[in-house]
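One structure is given below, encoded as structure tokens.
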Amino acid sequence: MSMPSPSGRSWPEAMRPLERRRRARDVANFAEYLAEDVRDHPNRALEAMGALAEWCEGDPDLLAEARTEVVRDTQTAPSLIVENNRNAIQLLELARSAS
């Protein structure tokens, strides 16, 4: 059974959850990238945490959603990516606690 597409004023409201998930996915990808950089340059960890918090505008819920996305990625990833994703999760948790 097909559902009608929202239109008019309800369209932005219908798109909000999708946009939120897309934004969380972007933050998760950014955290994974930063974790890889921190692995190669441990002295950049504080800077990476700050970049994540700034990029999320201090939104702890968005950081938590991004963490969920990284955890989801970790479940099916090869071992090298799993380790990187664990580091990304730590960065997200640190950024969230600092917010």
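The values are calculated or read from the model by the stated rules, or taken from the named source; none is laboratory data. These numbers were taken from a predicted model, which means no experiment stands behind them.
I'm trying to understand the selection: among the residues of the range 4-29, which are part of a helix (DSSP H, G or I) and at pLDDT below 70? Before you say what the answer is, go through the steps one by one.
Here is the first cut: in the range 4-29, the ones part of a helix (DSSP H, G or I) are 10-29.
Residues satisfying the conditions are Ser10, Trp11, Pro12, Glu13, Ala14, Met15, Arg16.
Could you list all residues from the range 39-97 that are in a loop (DSSP other than H, G, I, E, B) and among the acidic types (Asp, Glu)?
Residues of the range 39-97 that are in a loop (DSSP other than H, G, I, E, B), as a first pass: 41, 56-59, 75-78.
Answer for the range 39-97, where residues must be in a loop (DSSP other than H, G, I, E, B) and among the acidic types (Asp, Glu): Glu57, Asp59.
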